[in-house]
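The values are calculated or read from the model by the stated rules, or taken from the named source; none is laboratory data. Quick caveat: nothing in here was measured; it's all calculated off a predicted structure. With ideal geometry, Cβ positions are generated from the backbone for all residues, glycine too; neighbour counts draw on all protein chains shown.
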């Protein structure tokens, strides 16, 4: 048993903007109707619709609504997994990821065509080949669907969204590898624009469907975008996505406990925009917040299928997180993205008590019971957070925070393990 005195924790609820679409299929249909695609899509023509690997809320409903709209025009829709090297870089792996999100042929009532084969449509201005999913290239038209949000590594007026989907997603493993190499020599902004220019001119893109989520992981906005407006509209939506993005309740912590990371949560397993690791691997940049000294990963999501990308951004983890990790899948994904550090293993311990004892020993002169600690389910769900008692006075003074449960001891069991946050919250009511 440890002799260290741990901080007590209280539960706080945050307030984020609550904008949310009530009728998602209706909004998708209305948005696409504005583009009058009947002038482009003729009866009997095939239309490929992209579906990515991120955990986008309602993605099954959104993709089905796109397919239904295409059918209403007399088109023949099918879905292609657009996710670079995810799913172990295999067609079956990528089909399995979609199934985990409810994106199945039975639900969509249209085919899913999964393949890692690509067509080289041309060379980019920088001299590398432009790859495009074979099935999508053979279609008469392509609808690009994706969420617009801040990227976990790159900064600019274009980050994650429709433009990136045309590169990394529809480029599959072959394209993702070469594009990430090109980004090393140039920049994300240059390569995304260079490749998108070629894809838009040569790959039958008929429309985009952009999704923005609020801080509660709910669908806040959906916009259908004509190909000519992809770049300008995505810039606007990125600003909106940043405004709606959730955050941790406090700007600094000695320890951040994260129950789960996974590709369904973020491209880096945990969103670096949330934990303050976008610019540097193990510490926040000078003007970046929050500033977290130590992160501990407690496990992986089931939907990530063993892909532990991002685990290397943490200082500590439970040994079970390593046991849940598919090393080959994780390495393929991280090497494809040019970020080998993301697959490295932190210091792992069998229990949360062991992690806490190690982490609390390296936070400086702060007494362990006075440590700043936050505990979250994952970086996508931040409405309610467990926080150590040292934050209590500030929390009482803030209008955007509601204290749900007063301070009590960390719920370590006889093996030194914490329950998952959801179970602990339910037991604390």
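At a glance:
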read-out	value
Test for residue 63: is it in contact with a strand residue (DSSP E or B) (Cβ under 8 Å, 6 or more places away or on another chain), within 30 Å of residue 270 (Cα to Cα), assigned by TED's automatic domain parsing to the domain that holds residue 224 and in a strand (DSSP E or B)	no
The lone exception for residue 47 - which of (1) in contact (Cβ under 8 Å) with a residue 24 or more places away in the chain; (2) in a loop (DSSP other than H, G, I, E, B); (3) farther than 30 Å from residue 373 by Cβ it fails	(2)
Subset of the range 216-246 (residues that are in contact with a strand residue (DSSP E or B) (Cβ under 8 Å, 6 or more places away or on another chain) and assigned to a loop (DSSP other than H, G, I, E, B))	226, 245, 246
Whichever residue in the range 171-199 is under 14 Å from residue 83 (Cα atoms) and out of contact with any helix residue (DSSP H, G or I) (no Cβ under 8 Å at 6 or more places or on another chain) and, among such residues, is surrounded by the most Cβ atoms within 10 Å (Cβ to Cβ)	172
Strands (runs of 3 or more DSSP E) lying entirely in the range 248-359 (those with 1 or more residues that are surrounded by 23 or more Cβ atoms within 10 Å (Cβ to Cβ))	252-258, 291-297, 316-318
Subset of the range 94-142 [touching a helix residue (DSSP H, G or I) at 6+ places or on another chain (Cβ under 6 Å) and part of a strand (DSSP E or B)]	112, 118, 119, 121, 122, 130, 131, 133, 142
Residue tally, condition assigned to a strand (DSSP E or B) and either touching a helix residue (DSSP H, G or I) at 6+ places or on another chain (Cβ under 6 Å) or exposed (fewer than 14 other Cβ atoms within 10 Å of the Cβ) (or both), over the range 376-402	2
Residues that are buried (at least 20 other Cβ atoms within 10 Å of the Cβ) and more than 19 Å from residue 333 (Cβ to Cβ), drawn from the range 89-109	103, 108
Which numbered condition residue 167 fails, given (1) more than 23 Å from the chain's Cα centre (by Cα); (2) crowded, with 24+ Cβ neighbours inside 10 Å	(1)
